[in-house]
Amino acid sequence: MATTFLKRLDRPVLAAGGAIVLLLVAGGLYSSSFVSPAYLLQQLQVAAFLGVVATGLMLVILLGHIDLSVPWVITMGGMMSVAAGGWTRPFSWLAIPFAVLCGLGMGLFNGFGVAYLRIPSMIFTLGVNAIAQGLMIVHTSGFAPQDHATATMQLLAVGRSIFGIPNAVWVWAAVGVLTVVLLNRTAFGRRVYAIGNNERAVFLSRANCNLVVVGCFAAAGALSGLAGALLAGYSTKAYQAMGDPYLLPAIAAVVLGGTNILGGRGRYLGTVIGVVVITLLQSMLSIVQMPEAGRQVTYGLVIVGMLLTYGRGDRNGG
Amino acid sequence: MIDPLPSLRSRAGGLRRGWSSFRRDLRHRLSSARGPLVALGLYVIMFAIFVGEHPAGFSSNVVNTAANKGALLALVAMAQTIPVLTSGLDLSVGMVFVLTNCLGSRLVAGGILGTGLGVAAVLGLGLLCGALNGALVVRGRLQPIIATLATGSIYYGCALWLRPAPGGVINDDFAEFMTGSLPGGIPVTAVLLLGIVLLGWLPYRSSVIGRAAYAVGSSEQAAFMSGVPIARAKFFAYVLAGFFAAIAGLLLTCLTESGEANAVLGGSYTLSSIAAVVVGGTSLFGGTGGAVGSIFGAFVLRTIGDLLFVFNLDPLWQPLFLGVVLLVSVGVGSLRLLRIKSRLELFR
């Protein structure tokens with residue numbers, strides 16, 4: 001029983017899990033507040049936003065693609081949700097679905113360009129990011145929107161309705177369960193892995209590759225939009241470039257969790273652990289009052305160090 | 001006995017073959033230079049419109065400003081091109097650019113000797129950053145995207161450490177020379193770019209490691225089987241990327257006469273460099289393209305903003321316009337899909 005359980009945990013998951021333990025032990029030695037339940041729950045709440053973004057990004061990375069439009073689709077989700085909260089005053093619960101819908105639209109566009117126009121995702125999503133940014137800057141005239149987040153958004157982002165666990169964590173858990181089921185229990189999910197390994201083979205087996213690619217990009221866009229709405233709820237406002245600090249940590253979290261950046265391999269549990277590692281690392285570095293310069297260097301060094309221990313490619317190249 | 005005709009015939013055949021192989025060669029060269037040529041054409045048209053609409057017209061000042069602004073991105077884009085040719089990517093170029101800018105604002109000062117040493121130190125730092133990236137990719141066997149993502153954070157931290165607040169004093173004469181014009185109104189930065197292409201890029205491209213970089217990008221397995229020095233080619237690709245980014249950082253120091261650890265600037269240069277590389281006709285899958293195209297691609301991207309300015313468009317529309325132009329210009333490449341015979345070719 002124990003051995004089968006251990007076998008199911010692959011090396012990246014174990015190593016990243018070990019890194020969490022190491023971080024917590026080091027933090028606990030520094031100050032006991034690092035291991036208090038209040039602090040850890042707070043970190044989980046912050047991690048939930050990154051976790052939702054990383055979930056979408058993981059779907060895209062599993063295909064062997066990348067989504068660089070994440071920053072401004074998040075910002076779009078935030079801005080559209082507060083705006084919709086303002087327009088639809090009596091139906092302000094529509095704010096979050098509207099943000100998800102906007103993200104879904106951008107994601108569908110990404111998927112269309114990558115799947116049907118066959119433009120490399122790196123450059124197409126970069127262009128879509130610029131377009132999302134352009135739309136939002138025109139929409140807000142370059143200022144932070146005046147509207148505030150609706151009560152529902154704030155409740156979902158900062159409330160603790162059930163067992164004192166932050167609602168944002170429940171949202172992340174729901175997204176996570178859906179993703180695990182999608183990846184492991186549906187034909188769609190198996191095709192995601194298959195495309196990441198060999199898209200030609202999937203095409204020749206008469207599966208509709210393009211539909212899978214569009215689906216993953218659409219999901220990534222929708223999740224970015226959702227994360228934007230949650231973030232706006234968390235800070236009660238949407239503001240310019242609110243999504244910028246999420247792209248690189250999300251990529252790092254997915255890769256630290258053992259997902260192959262070239263696609264085809266990776267498990268959702270790894271992404272969860274990667275997200276927690278990144279969040280804990282960022283939080284601890286900011287709490288120990290190291291100057292920003294040292295924080296950036298440590299952050300980079302830790303990622304390189306973790307990758308060197310288990311994220312290396314095969315010796316034979318190719 | 002000896003029939004003179006066959007030899008004549010064969011000579012004529014040889015000539016004909018020579019002509020047809022020359023034509024094939026020409027066609028091949030033209031088709032491989034299509035990306036840079038399209039980017040150059042686009043740039044010439046856009047720049048002509050810009051100068052035509054500009055209130056000051058075709059003056060040395062206008063040309064100089066345009067050259068200086070474009071040269072920064074052109075250098076960072078050249079830096080990005082070389083790892084991309086090996087089908088890698090360098091997400092730290094923008095941060096190397098910022099880091100060398102910060103070091104330059106501390107060291108490029110004093111007399112001739114001090115300035116010279118400062119310049120050497122800045123370029124050396126760029127080489128060092130590139131070597132770290134290269135070592136992680138080649139020796140560490142890490143994926144370039146994620147390795148350079150992490151080193152970018154390290155370089156940005158170092159930049160912050162060197163220059164916690166914007167500022168710095170640098171040698172005025174040197175800065176003015178680098179950003180000014182030669183007699184005859186030719187911008188020094190344009191000469192600098194030309195010099196780097198002639199003395200740096202072209203010799204590199206025809207050298208063994210340069211050709212190896214193309215070979216690795218086009219098929220790493222075939223390159224390995226043919227005994228191409230894969231590891232050296234990849235390593236030098238990142239080292240050269242760091243070097244070119246350092247030249248850009250030095251130029252930024254001269255332009256602003258100060259240094260600033262600006263993460264937003266670094267990030268936007270990294271992303272714009274990828275866009276410039278693609279607009280300049282280099283494939284993100286590696287193996288085809290070149291740094292000359294990236295220079296034109298960078299100038300195209302920079303001129304878009306200028307065009308909006310001379311047409312008095314609201315600057316708020318600039319990011320949207322930039323995105324649309326970027327998507328349209330990469331979307332044109334999808335026209336090739338119409339000529340594809342088997343749909344299997346679509347999939348890798």
What is the angle, in °, between the Cα long axis of helix B:230-256 and the longest principal axis of the Cα atoms in chain B? Nearest 10 is fine, range 0 to 90. 40 degrees
For chain B, the longest principal axis of the Cα atoms and the Cα long axis of helix B:112-138 enclose an angle in degrees, to the nearest 10, of 60 degrees
Peptides B:162-170, A:148-156: what's the order by average Cβ count within 10 Å, highest mean first? A:148-156, B:162-170
If each K or R counts +1 and each D or E counts -1, the residues other than B:Ile82 whose Cβ falls under 11 Å of its Cβ total +1
How high is the relative contact order of chain B, given as a whole-number percent (alpha carbon pairs under 8 Å, six or more residues apart)? 32 percent
Between B:Arg343 and B:Leu198, what is the spin-label point distance in nm, taking each point 7 Å from the Cα along the Cα→C-beta axis? 5.3 nm
Net charge near B:Gly281: determine it from the other residues with C-beta under 15 Å of the C-beta of B:Gly281, scoring Lys and Arg +1 and Asp and Glu -1. +4
Treating the beta-carbon of each Lys and Arg as +1 and of each Asp and Glu as -1, no other charges, what is the dipole magnitude of the protein assembly as shown about its Cα centre, to the nearest 20 debye? 2740 debye
Taking springs between alpha-carbon atoms closer than 10 angstrom, which of A:Gly270, A:Gly196, A:Gly107 fluctuates most in the Gaussian network model of chain A? A:Gly196
Once R0 is set to 35 Å, what does the formula 1/(1 + (r/R0)^6) return for the Cβ-Cβ distance between A:Val177 and B:Thr288, expressed as a FRET efficiency to the nearest 0.05? 0.20
Residues whose placed amide H lies under 5 Å from that of B:Ser181, excluding near-sequence neighbours: B:Val188
With r defined as the distance between the Cβ atoms of B:Ala131 and B:Leu26 and R0 fixed at 41 Å, what FRET efficiency is calculated, to the nearest 0.05? 0.55
Taking chain B as a Gaussian network, Cα atoms linked when under 10 Å apart, which of B:Ser87, B:Ser21, B:Ser32 shows the biggest mean-square fluctuation? B:Ser21
Arrange A:Ile137, B:Ile295 by Cβ neighbour counts within 10 Å, fewest through most, would you? A:Ile137, B:Ile295
Under 5 Å from the placed amide H of A:Gly266, counting only residues 5+ away or on other chains, we find A:Asn260
For each of B:Thr115, B:Thr270, count neighbouring Cβ atoms within 10 Å of the residue's Cβ, then give the residues from fewest to most. B:Thr115, B:Thr270
Placing +1 on the Cβ of each Lys and Arg and -1 on the Cβ of each Asp and Glu in chain B, which of B:Gly217, B:Thr253, B:Gly35 has its Cα farthest towards the positive end of the resulting dipole? B:Gly217
In percent, what relative contact order does chain A have, based on Cα pairs under 8 Å that are 6 or more apart in sequence? 33 percent
Using Cα-Cα distances under 8 Å and only pairs 6 or more residues apart, what relative contact order does the range A:60-172 have, in percent? 30 percent
Which shape class applies to chain A: rounded if a/c is under 1.5, otherwise prolate when a/b exceeds b/c and oblate if not, where a ≥ b ≥ c are the square roots of the Cα gyration tensor eigenvalues? oblate
Rounded to whole Hz and in sequence order, give me ³J(HN,Hα) for the range A:195-209 from the Karplus expression 6.51 cos²θ - 1.76 cosθ + 1.60, θ = phi - 60°, writing x for Gly and Pro. 5, x, 7, 7, 5, 4, 4, 5, 4, 5, 8, 6, 8, 7, 4
Output field shielding_mean for B:323-334 (other chain Cβ, 10 Å radius) holds 5
What shape does the range A:164-318 have by the C-alpha gyration tensor, where a ≥ b ≥ c are the square roots of the eigenvalues, rounded means a/c under 1.5, and otherwise prolate means a/b greater than b/c and oblate the rest? oblate
In terms of the alpha carbon gyration tensor, root eigenvalues a ≥ b ≥ c, rounded if a/c is under 1.5 and otherwise prolate when a/b exceeds b/c or oblate, the range A:88-148 is oblate
With just the Cα atoms defining each centre, how far is the range A:15-72 from the range A:225-302? Give it in Å. 6 Å
When the Karplus curve 6.51 cos²θ - 1.76 cosθ + 1.60 is applied with θ = phi - 60°, which whole-Hz ³J(HN,Hα) does each residue of the range B:309-323 get, with x for Gly and Pro? 5, 6, 8, 6, 6, 4, x, 4, 7, 4, x, 5, 4, 4, x
Check which residues have an amide H placed less than 5 Å from B:Gly290's amide H, if you skip close sequence neighbours. B:Thr282
Surrounding net charge for A:Ala54, when Lys and Arg each add one and Asp and Glu each subtract one, Cβ distance under 14 Å: 0
If you take the charge dipole of the protein assembly as shown about its Cα centre, with +1 on Lys and Arg Cβ and -1 on Asp and Glu Cβ, which of A:Thr125, B:Val76, A:Leu62 is farthest toward its positive end? A:Leu62
With θ set to phi - 60° and the Karplus curve 6.51 cos²θ - 1.76 cosθ + 1.60, what are the ³J(HN,Hα) couplings of the range B:198-213 in order, to the nearest whole Hz, using x for Gly and Pro? 6, 9, x, 5, 5, x, 4, 5, 8, 7, 5, 6, x, 5, 5, 4
Between B:Val38, B:Val122, B:Val96, where does the largest GNM mean-square fluctuation fall for chain B, given springs only between Cα atoms within less than 10 Å? B:Val38
Residues B:Thr282, B:Thr288 arranged by fewest to most Cβ contacts within 10 Å: B:Thr288, B:Thr282
Distance from the range B:230-246 to the range B:115-161 (C-alpha centre basis), Å: 10 Å
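Values quoted throughout were computed directly from the atomic coordinates according to the rules given, and no laboratory measurement underlies them. None of these values were measured; they are calculated from a predicted model. Every residue, glycine among them, receives a Cβ derived from its backbone with ideal geometry; neighbour counts consider all protein chains shown.
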